[in-house]
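The structure under discussion appears below in the form of structure tokens.
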Amino acid sequence: MRRAVAMTALLSAVPAILCAQERTERMEQMQQQHQQQEHELQQRQQQLHQQQLQLQHVEERLHQHLFAPEMLMRYERELDLTDEQTQAMRALVRDLQHQLVDLQFNLQEANQALLDLVEAENVDADAAVAQFRRVLAIEQEVKTTHFRTLLSLKGMLTPEQRQFMEQTLHGGMMHGGPGMGMGPMMIHEGGMPMPVREMPGGEG
């Protein structure tokens with residue numbers, strides 16, 4: 001009789017034991033999933049860090065091989081620029097200034113339109129995203145315009161002049177000299193252009 005009662009009590013406890021085991025297994029699975037997610041997140045962060053280092057390396061190489069008008073103006077005497085070179089550079093910089101005026105105006109209008117869409121009581125997500133892409137397109141055009149100008153400026157220099165600038169900027173970046181902090185694209189964060197000063201010599 002006692003054995004029968006004990007067996008009945010044991011059998012009645014089985015469902016509770018099984019439920020407890022299932023809860024334990026679920027908790028273990030959730031912990032394992034959480035640990036796996038944390039591991040994957042750490043891997044992605046490491047990959048992102050490596051990509052940032054690679055981008056930084058590329059940017060440093062651009063610093064060494066592209067020369068902003070301000071840098072050419074700073075080393076005008078050392079470069080011994082000819083009158084023809086100076087005039088061609090001045091014309092190129094003036095053309096860049098004119099292009100930037102139009103681009104900056106377009107960028108301001110595009111940003112204002114985007115702001116109007118975002119500030120609306122009922123935001124049209126598709127319209128806002130489309131306008132955001134237009135803003136990015138203009139910013140990309142600004143950077144491309146600067147990049148093309150820097151390539152043209154470099155093409156106006158002789159091999160000896162280019163070598164001087166590359167060595168100067170490389171030494172400046174390594175030792176905190178003149179090359180430090182001179183972004184080759186001359187772009188602030190947000191895509192807005194830095195002011196571009198006239199090349200040496202002024203209007204003749």
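The accessible surface of segment 70-137, taken with every protein chain in place and a 1.4 Å probe, is 49 percent carbon and sulfur. Coupling constants for segment 33-49 follow from the phi torsions by the Karplus curve (6.51 cos²θ - 1.76 cosθ + 1.60, θ = phi - 60°), and in residue order they are 5, 5, 5, 5, 5, 5, 5, 5, 5, 4, 5, 5, 5, 5, 5, 4, 4 Hz; glycine and proline get x. Using the Cβ of R133 as centre and a radius below 12 Å, the other residues enclosed give a net charge of -1, where K and R count +1 and D and E count -1. Both radii come from the Cα set of segment 35-154: Rg as radius of gyration, Rh as Kirkwood radius; their ratio Rg/Rh reads 1.15. Karplus-based coupling profile of segment 162-168, in residue order and whole Hz: 5, 4, 4, 5, 4, 5, 5, with θ = phi - 60° in 6.51 cos²θ - 1.76 cosθ + 1.60 and x standing for Gly or Pro.
Convex hull volume of the Cα atoms of segment 24-101, normalised per residue: 124 Å³. Computed with a 1.4 Å probe over protein heavy atoms only, the accessible area of E22 comes to about 90 Å².
The values are calculated or read from the model by the stated rules, or taken from the named source; none is laboratory data. These numbers come from a predicted model, not from an experiment. All Cβ positions, glycine included, derive from the backbone under ideal geometry; neighbour counts span all protein chains shown. The protein model used for the area step is the full one, side chains on, heavy atoms only, and it has no ligands, DNA or RNA in it. Shrake-Rupley method; radii C 1.70, N 1.55, O 1.52, S 1.80 Å.
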